[in-house]
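Every number in this text was worked out from the coordinates using simple rules, so none of it is lab data. This one's a predicted model, so the numbers in the text were calculated from it and none came from an experiment. Cβ atoms come from the backbone with ideal geometry, glycine included; neighbour counts cover every protein chain shown.
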Amino acid sequence: MTNASSVEPLLTDLFDRLNDGGVDYCVLRNYEELPEHVGNDVDLWVDSRHLDDFREVLRTAVEPSEWELLISRSRMRWRGGGEFFLITTGGPSKILHIDVWSKLYWRGVPFVSEAVIRERLDVKSRQFPIPEQGVEAAQLLVKDLLYNCEVPKRYRSRIREFAMDDPDGFRTALESSLSTTTTEKLTERVRQSDWASIEEIVPSLRRELLLRAATSPSSHQLKNWGAYAREKITEVFSVDRGRFISFIGPDGSGKSTTSQALSSHPITSVFVDISYYHGRFGILPDLSDVIAQTWPQSHAVPGDNSDGEAANQAGARDGEAARDAFGLLRAAMYPLYYSLDFLLGYVVLRRKLSRGELVLFDRYFYDYYYQPEYRRCPRWLLDGLSVLVPEPDFVVFLSNDPETIQERKPELSVDEIRRQLSVCRTIAPGKSLELRTDERPERLVNRLFDHLLQDDHR
């Protein structure tokens, strides 16, 4: 929940400016503690005719505040609106997520019409407009049924109360997209709090919504479906919404500590989810398992450690016994085999980035360049294989004085650490960001996001 002392002045000013500017809008849900406190986000409906006005009002409200507009993402035309992420400019970072909708749609088909929302706004109860009770109950009910096949328990009593207190608004909102028969069925089951029965009709509800739109298609509806199809195609090829970060550095440089601090940082709320990997995607089986199954009587490949997660996943191992460089064949075997895992990981990675996820790798293919076991692996081979490997948006190189790292990882000599630091500085030029780990992880993460969001500021 965003702190009241920082968010209340901004939201108060924003609502006042929207009211004075004649922008048709409302807070769709979860507004009970606004503007003092914000839960996950602020969900707004804004009349599609006033979206440009809203963006301008938001910009002018942010300018004199302690907030800065971090990311602005427009939705496809069939949805309308957009997402706006704001960040505090001083002190500990706080994120405010404002989610704006002009159309409440499922698969390009409206489930509550914009006209109904516009005509049934309660502008007197609060500092900001909210939907009339029946309209709020209808959109809370249908949205989660269509998208998630359930009615969230936290909303059930509210839906029933508002539907019963404002039956005309509830029916009007439902009948803007559903038949009278379905509307009456939903109304009766809500009155009885028969949520299980309501959830059972989700397939028929979806069919009816699509069939009604298909049997009486307007030019506007056809455009919405075309835009929806384009969006789905774009999601397959676009990776712009997410970010992919890998961490490199000698053992003991703070990769795990920093990546974990990044995972829990408030600013990661700009992403829909976080995926964390250690070394590789894990699509292919461990090389030692493959050899054991292929040649059951043979010993595992020297240097392979099926019990060490880092060895399985990136080929990097701790312990004095593993610090001797492999022979040429062994040193080449690991990157050759595991580069296929990274190649196959392209599909997984693209899907996650298109959804808007933050993908973190604690260790990556680049470990083969500087870990001592692979010193005999030809650089030209690694450079060639790296073409198959998904390229991170940022390669975060965590460094420190060799003596400091050696205190954390006494298995490594100071000279070896110095060598690894030197090699790391040659990896991924233009993508690499060197951060010293002689300050707290939280401050490191703030500095990392300064660079990350300079690239993402749009």
Of the cross-linked pairs K94/K409; K103/K431; K94/K153; K143/K431, which ones have a Cα-Cα span greater than 31 Å in the structure shown? K94/K409; K103/K431; K143/K431
Based on the Cβ-Cβ distance of R418 and D16, what FRET efficiency does E = 1/(1 + (r/R0)^6) give at R0 = 56 Å, to the nearest 0.05? 0.40
For Cα pairs less than 8 Å apart in space and 6+ apart in sequence, what is the mean separation divided by the residue count of region 124-230, i.e. the relative contact order in percent? 27
In units of 2.2 N^0.38 Å, what is the alpha-carbon radius of gyration of region 141-260? 1.61
Which length gain, in nm to one decimal place, applies between K223 and E391 when the Cα-Cα distance is subtracted from 0.36 nm times their residue separation? 56.9 nm
Sequence-distant residues sharing a close amide H with E434 (under 5 Å, placed H): F397
Could you list the GluC sites (Glu not before Pro) in region 127-205 that lie in coil according to DSSP, counting only those with at most 13 other Cβ atoms within 10 Å of their Cβ? E150
Can you list the HN-Hα couplings for region 202-210, worked out from phi with the Karplus curve (6.51, -1.76, 1.60; θ = phi - 60°), rounded to whole Hz and with x for Gly and Pro? 4, x, 5, 5, 5, 4, 4, 4, 5
On a full-extension model of 0.36 nm per residue, what is the gain between R379 and N148, subtracting their alpha-carbon distance, rounded to one decimal in nm? 78.2 nm
Could you check what % of the DSSP bridge pairs in the chain are antiparallel, to the nearest 5? 50
Per principal axis, largest first, the Cα atoms of region 4-230 extend in Å by 53, 37, 30
In whole percent, what relative contact order does the chain give with Cα contacts below 8 Å and a gap of six or more residues? 14
If each part is reduced to its alpha-carbon centroid, region 198-224 and region 381-458 end up apart, in Å, by 51
Counting Lys and Arg as +1 and Asp and Glu as -1, each charge on the Cβ, what is the dipole of the chain about the Cα centre in debye, to the nearest 20? 1340
Taking the chain as the region of interest, what is the percent of Cα-Cα pairs per 20 angstrom bin, listed from the shortest bin to the one with the maximum distance? 21, 42, 28, 8, 0
